[in-house]
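First the structure, in the form of structure tokens, and then the observations on it.
The values are calculated or read from the model by the stated rules, or taken from the named source; none is laboratory data. A quick note: this is a predicted structure, and the numbers were derived from the prediction, not measured. Cβ coordinates were reconstructed from backbone atoms using ideal geometry, including for glycine residues, and neighbour counts include every protein chain displayed. For accessibility, only protein heavy atoms count, side chains too; no ligands or nucleic acids. Shrake-Rupley method; radii C 1.70, N 1.55, O 1.52, S 1.80 Å.
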Amino acid sequence: MIISFLSQKGGVGRSTLARATAVEFARSGKKTHLADLDSSQQTSAKWSERRDNTGISPAVETGVYRRHDVALKAASNYECLVVDTRPFVDISALDIARQSSLVVIATGTSLDDLEPSLLLGHELIHKGIPHNRLLYVVGKAPSQAEGRAAIQTINAWQFACTGTFLTFRPGYSISLDAGYSITETSWKTLNHRARNIIHDICARAKASA
């Protein structure tokens, strides 16, 4: 099973969602690998190192890849390969999407985030990616109203979106800085919201695999 996380720009929660998904699959006993394709920033790899140094369980095996084809080959060695792509979409992203059981598109709530993300979905479908293998997630919503409005916009474009969105909360950043995922914070309400999103991602990926 390959789950890829795409976004048209940085700062919308793509890596955050990839890390949390890898954690939850590992927690369920699945042999999981997190592939970080942003070899310059290595956001997920550095987070994984912090996690290992702190001894947080479950451990999340993570690798940095300059070439997407090498990362995809790793799928044969694992039950679940989670691919954290670069903060932009290029030709490699299309190849990754074609081989993925599920493509998660992370977006913010502003039109500057939503419009490119929605156009990306149409481009992927035009290139032959099945509609039911695309799932949108709204992240870092400034307010409940803006989060709900973003989901309504995505649904109006006939795309599937998780019913829950991530609000902007310092608790998530604090946990990520310490090597935890957004499902492992010290705040139950934050964990509950994040777990609902990751549960939707995992369930849809299993259904599409």
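Points worth noting:
- Tally of residues being open to solvent by 10 Å² or more (accessible area, probe 1.4 Å) and touching a Cys at 6+ places or on another chain (Cβ under 6 Å) across region 25-42: 2
- Given (1) modelled with pLDDT under 95; (2) surrounded by fewer than 13 Cβ atoms within 10 Å (Cβ to Cβ); (3) more than 17 Å from residue 35 (Cβ to Cβ), index of the condition residue 90 fails: (3)
- Tabulated pairs, region 122-144, first under 21 Å from residue 18 (Cα atoms), second charged (D, E, K, R), C-beta under 6 angstrom, 6+ apart or interchain: 135/204
- Check on residue 98, open to solvent by 50 Å² or more (accessible area, probe 1.4 Å), under 24 Å from residue 76 (Cβ atoms) and among the charged types (D, E, K, R): yes
- Residue satisfying condition, being closer than 19 Å to residue 98 by Cα and without any contact (Cβ under 8 Å) to a residue 60 or more places away in the chain, within set 35, 26, 18: 35
- In region 30-69, residue nearest to residue 14 (Cα to Cα) [restricted to those that are out of contact with any strand residue (DSSP E or B) (no Cβ under 9 Å at 6 or more places or on another chain) and hydrophobic (A, V, I, L, M, F, W, C)]: 59
- Residue 48 hydroxyl-bearing (Ser, Thr, Tyr), part of a helix (DSSP H, G or I) and modelled with pLDDT of 95 or more: yes
- Hits in region 153-179 - residues which are touching a residue at least 60 places away in the same chain (Cβ under 8 Å) and over 21 Å from residue 104 (Cα atoms): 177, 178, 179
- The lone exception for residue 116 - which of (1) over 20 Å from residue 202 (Cβ atoms); (2) part of a loop (DSSP other than H, G, I, E, B) it fails: (2)
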